[in-house]
Amino acid sequence: MAKFTIFFKDKAIQSSIYDSGVIRIGRDSSNDLIIDNLTVAPVHAVINVDGDNCLIKQLSDSHPLIINHEKVEEAFLENNNVISIGKHSIVFNTTESITPDTKAFSSSKKDVESLNSQLEDKVHTPDGNLQIMDGQHIGRILPLKKSMTRLGHAGSGVVIISKRKEGYFMSSLETHMDILINQQPLADETIQLKDNDIIVINNVSMQFFLEQ
């Protein structure tokens, strides 16, 4: 199944899951993923979900389609791809099937939390944590219990840590030189986290570990 989460100013405002079919993105209220902004076309892009394949297509030359900071006319989406439309971002994730008839969830915060809760029930992964290693909050532990955790601040680096059946994966939503993993820049890669990995975000060091 395909999960799409719309972010605006670092906040999730809509999250939807689709098993198959055609998904329309745009400003008009008839779309499946609605972005209410004048910089967005009435129907901006369309996604065809067919099993594990999700093909996204641009519908207007005057309204570009940007995936992971690159302009494309069409592309097959991969896990953790970020679709930029105007001032909004849509994060694409693959998920296991939840219920045969699940189509979409509404844009309220409660529905986003409910969606994450249902996903977590299907992901049998040991709980991951981040422990802050320096600064004002040294020693503080941040549990990674949601299916997707967002860390950082706009303008100085933002990452997403996704909880999947295979483990925890970190990818950059906003690339910045201060985002490091084991002293190496994260850049545009998606990295599977391992016990005792050291992550630096906005000059704050954190150690990733799994509960035994």
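Here the accessible area of the range 19-87 is 45 percent carbon and sulfur, with a 1.4 angstrom probe and all protein chains present. Taking Cα centroids, how far is the range 146-176 from the range 52-98 in Å? That distance is 17 Å.
Each Cα pair under 8 Å and six or more residues apart adds its sequence gap; the mean of these over the residue count of the range 153-212 is a relative contact order of 28 percent.
Take Phe169, Phe4 and sort them by solvent-accessible surface of the protein heavy atoms, 1.4 Å probe, largest at the top.
Greatest to least solvent exposure: Phe169, Phe4.
Anisotropy class assigned to the range 7-48 is oblate, per the alpha carbon gyration tensor with a/c at or over the 1.5 cut-off and a/b no larger than b/c. In this model, which of Lys9/Lys165; Lys87/Lys165; Lys71/Lys165; Lys11/Lys163 are farther than 27 Å apart at the alpha-carbon? Result: Lys9/Lys165; Lys87/Lys165; Lys71/Lys165 exceed 27 Å. A simple spin-label model places pseudo-atoms 7 Å from Cα toward Cβ; at Asn48 and Arg150 they are separated by 3.1 nm.
The loop-placed GluC sites (Glu not before Pro) in the range 1-91, going by DSSP, that have at most 16 neighbouring Cβ atoms within 10 Å of their Cβ come out as Glu73, Glu78.
Projected label points at Ile141 and Val22, each 7 Å from Cα along the beta carbon direction, are separated by 5.1 nanometres.
Placing a pseudo-label 7 Å from each Cα along the Cα-to-Cβ vector at Asp188 and Asp36 gives an inter-label distance of 3.3 nm.
Given charges of +1 on the Cβ of Lys and Arg and -1 on the Cβ of Asp and Glu, with all other atoms neutral, how large is the dipole of the range 1-74 about its Cα centre, in debye to the nearest 20?
Dipole about the Cα centre, nearest 20: 280 debye.
Estimated at the nearest 10 Å², the accessible area of Arg140 is 130 Å² with a 1.4 Å probe.
What FRET efficiency comes out for the pair Asn203/Glu74, r = Cβ-Cβ distance, R0 = 35 Å, nearest 0.05? Calculated value: 0.35.
The values are calculated or read from the model by the stated rules, or taken from the named source; none is laboratory data. Keep in mind the model is a prediction, meaning the values are calculated, not measured. Because the Cβ atoms are built from the backbone with ideal geometry, glycine has one as well, and the counts that use them run over all protein chains shown. Side chains included, ligands, DNA and RNA excluded: accessible areas come from the protein's heavy atoms. Shrake-Rupley method; radii C 1.70, N 1.55, O 1.52, S 1.80 Å.
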